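To start, the structure itself, in structure tokens.
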Amino acid sequence: MKSSICTIATLLVVSLSWWTSAVDAGNNTIEADPAKSYPLTKNRGPWMIMVATLNTPDEDEKPAAEGETPQQSAHNLVIELRKLGMPAYTYEFDPGEQHVVSNDRFGREERRTNRRRMKSISVLAGNYNDINDKLAQDSLAWVKKLKPKCFLEGVHYQPTPGRPGALSGAFLTTNPLLSTSDIQQKQSTDPLLVKINSGEQYSLFENRGQYTLVIARFYGKHMMVSQKDEESAISKYFTKDNVSLDAAAESARELVAVLRSSFDKEETQFNNVDAYIWHDHHESIVTVGSFSSPNDPAAAKYLQRFGPSMKAVGNGSLNFQPQHLGVSGFGPKADQNRLWLFEPNPELMKVPQQR
């Protein structure tokens, strides 16, 4: 039979909310009808297990003479997982026409079309609220060790020392159909998130709108920089192990306090801003504004205010650059500077509701 090439995905995405350590196929209630298809939908997740990704050749390429297509292999894997009691789904991705910008021998810019398009079909399984969920981690470990019977024929997989099995490269990821706002909205009712955000000054729970604009994210890594140490700050930043969610939260609080005050001495666009803070499992974010809908005119004004702008770069050309805010006089001795880079692509998110 023809072989379809199974490539285990290497991106980070995640979701799954059902699994048992002792899978009993005879007692599972997950539908597994070979005559039906099970495509991924937005109501799954938000975290899932990316089980495998199978690549399909472009339409211009000749298919192999015999064997299973990647779609057939993905469908068979979904059915096998469902028979084992794990909800699984297929997700197809077509990159479309891709353009590549290059320079000719005279330095002139050329725009070319990449005609080789590698489509893919992925198998995702489970539904989890959080990547650190013990059930999700246990399920992931089980999937990595699984040797699917449907891959014994019709699928070719080349083992490597790091990936001895066809599914050993599985990982957790978010549902690719969900936006960041969708994921945050789904997670907003998580009891832990309610606990860590309740009582926070300027918490997003205080926002009375339906939408708000995310302008900054803090993942934990930051540095206090004295004026005399600015030259070595960059190298220290990338070598010092100073990642901390507590530090991320404090940095976010600092930015919110600055935006709500009048620290911006050079310009006034970053003074007295309606700013809020939100703590997630892996980051703290700062948002601005309170909007009734994505089309609220006030949202467009804030986007223009905090979004990237066209600026001149070193060679005199123009390029889009993220907005930034710098202030001085911080720290116990008032000798520290602060510099915040805002998101290069600020996006709206739904305001979480405290239930």
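The values are calculated or read from the model by the stated rules, or taken from the named source; none is laboratory data. Here the structure is a predicted model, which means the values were calculated and not measured. Cβ placement follows ideal geometry from the backbone for every residue including glycine, while neighbour counts extend to all protein chains displayed.
So which residues in segment 320-347 are outside any strand (DSSP E or B) and touching a residue at least 60 places away in the same chain (Cβ under 8 Å)?
Gly331, Asp335, Phe342, Glu343, Pro346
Identify all residues within segment 180-208 that are without any contact (Cβ under 8 Å) to a residue 60 or more places away in the chain and under 25 Å from Asn43 (Cβ atoms); write none if there are none.
Pro191
Examine segment 67-86 for a residue that is assigned to a strand (DSSP E or B) and at pLDDT 75 or above, and state whether such a residue exists. First the steps, then the outcome.
The initial filter retains those residues of segment 67-86 that are assigned to a strand (DSSP E or B), namely none.
The answer is no; no qualifying residue exists.
Of the residues that make up segment 249-266, is at least one surrounded by 17 or more Cβ atoms within 10 Å (Cβ to Cβ), modelled with pLDDT of 70 or more and touching a helix residue (DSSP H, G or I) at 6+ places or on another chain (Cβ under 8 Å)?
For segment 249-266, residues surrounded by 17 or more Cβ atoms within 10 Å (Cβ to Cβ), modelled with pLDDT of 70 or more and touching a helix residue (DSSP H, G or I) at 6+ places or on another chain (Cβ under 8 Å): absent.
Please state which of the following conditions Ala125 fails to meet, knowing it meets all the rest: (1) in contact with a strand residue (DSSP E or B) (Cβ under 6 Å, 6 or more places away or on another chain); (2) assigned to a loop (DSSP other than H, G, I, E, B).
Going through (1) in contact with a strand residue (DSSP E or B) (Cβ under 6 Å, 6 or more places away or on another chain); (2) assigned to a loop (DSSP other than H, G, I, E, B) one by one, Ala125 breaks only (2).
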